[in-house]
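Asks: Before anything else, here's the structure in question.
The values are calculated or read from the model by the stated rules, or taken from the named source; none is laboratory data. All values reported here derive from a predicted model rather than from experimental measurement. In this analysis, Cβ positions are derived from the backbone assuming ideal geometry, glycine residues included, and neighbour counts consider all displayed protein chains. Keep in mind that these areas ignore ligands, DNA and RNA; they rest on the heavy atoms of the full protein, side chains included. Shrake-Rupley method; radii C 1.70, N 1.55, O 1.52, S 1.80 Å.
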Amino acid sequence: METETQQTTTTGLTHLTEIIAGLALHASTDAMRGALQTIQITPQHLTATDSYSMAQWQPAEPITTGETALINAKELTTALNNLTKAGKQFRAAQARLTVIGQTWRLSAHTGHYSDETLKEIGNYNGQTIPAEYPNTEQLLKLETCGQFEPTGFNPDYLERITKTSRKIARLTPLAMTQWQTPQKPVLWITETQTGKLVQLVMPTRLTN
């Protein structure tokens with residue numbers, strides 16, 4: 001029986017691996033910033049940020065139930081990559097992510113839980129991160145501005161934008177949709193049949 005704090009998503013193993021790999025490019029690698037080394041999982045979206053760039057995947061269908069959870073991006077990426085390798089001979093392999101309290105469990109399988117065709121490929125267990133995550137929704141509430149001012153971007157962050165888009169949305173056009181001032185976040189949005197990818201980059205100050 002599932003508790004109110006349990007989250008479950010069942011989706012294509014390869015698809016989920018690509019989404020997490022793309023988002024993980026935006027997670028922090030600084031061990032002193034544990035909360036930002038995670039991917040935030042909610043029923044509406046998956047989000048990763050290092051406070052300089054951000055990516056958020058908004059699936060067409062809800063992917064979880066229950067409360068928000070923070071899972072270390074590197075751990076989740078490694079687990080998915082290993083399960084993908086183990087299940088490479090199964091074209092229809094599925095992934096199931098469950099969070100109960102402060103623990104998470106990722107499993108891969110073929111077939112269905114409701115019948116006897118289910119075959120488990122493997123599973124991983126880990127601990128969620130008990131930390132406060134930035135209010136990324138507030139960052140996305142921007143107003144458009146028609147006046148253009150020269151704006152600088154760190155090329156490494158732009159590389160994250162393109163790599164994440166290629167992993168998650170493949171050849172779907174990447175559109176810069178929000179720009180306000182050289183001191184405000186800039187948004188790129190890519191929409192596919194399976195969901196919407198929102199990415200954010202903070203500009204860098206241009207010096208004369």
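Asks: For the chain, modelled as a GNM with alpha-carbon contacts under 10 angstrom, which of A24, A95, A79 fluctuates the most?
Replies: A79
Asks: Among L106, L118, L46, which one moves the most in a GNM of the chain with springs linking Cα atoms closer than 10 Å?
Replies: Residue with maximal mean-square fluctuation among L106, L118, L46: L118.
Asks: While we're here: Please identify, among K88, K163, K196, the residue showing maximal mean-square fluctuation in a Gaussian network model of the chain using a 10 angstrom Cα cutoff.
Replies: Most flexible of the set in this elastic network: K88.
Asks: What is the sum of charges around A60, taking Lys and Arg as +1, Asp and Glu as -1, for the other residues whose C-beta is under 11 Å from the C-beta of A60?
Replies: Surrounding charge for A60 is -1.
Asks: Largest first, what is the accessible-area ranking of D156, D30 with a 1.4 Å probe?
Replies: Details: D156 95, D30 65 Å².
Ranking D156, D30 by accessible area, largest first, yields D156, D30.
Asks: I'm checking a number: the convex hull volume of the Cα atoms of the chain, normalised per residue, in Å³. What is it?
Replies: 131
Asks: Using θ = phi - 60° and the Karplus relation 6.51 cos²θ - 1.76 cosθ + 1.60, list the HN-Hα couplings for segment 89-101 in order, rounded to whole Hz, with x at every Gly or Pro.
Replies: Result, rounded to whole Hz: 7, 9, 5, 9, 4, 10, 10, 10, 10, 10, 10, 10, x.
Asks: Considering only protein heavy atoms, with the full assembly of protein chains and a 1.4 angstrom probe, order T98, T164, T103 by accessible area, largest first.
Replies: Accessible-area ranking of T98, T164, T103, largest first: T103, T98, T164.
Asks: Another question, then. Once fully extended, how much extra length lies between N125 and T194, figured as 0.36 nm per residue of separation less the alpha-carbon to alpha-carbon distance?
Replies: In short, 22.1 nm is gained.
Asks: Let me make sure I get this right: for segment 22-85, a, b and c are the square roots of the gyration tensor eigenvalues over alpha carbons, sorted descending. Under 1.5 in a/c it's rounded, otherwise prolate if a/b > b/c, else oblate. Which is it?
Replies: oblate
Asks: What residues have an amide H closer than 5 Å to that of T177, excluding those fewer than 5 places away on the same chain, when H is modeled at 1.01 Å from N in the peptide plane?
Replies: L187, W188, I189
Asks: With every protein chain left in place and a probe of 1.4 Å, what is the accessible surface of K119, to the nearest 10 Å²?
Replies: 110
Asks: Quick one: how many lysine pairs in the chain have C-alpha atoms under 21 angstrom apart, if they're 8 or more apart or on different chains?
Replies: So the count works out to 12.
Asks: Treat each spin label as a single point 7 Å out from the Cα along the C-beta direction, and report the T162 to T78 distance in nm.
Replies: According to this spin-label approximation, the distance is 3.0 nm.
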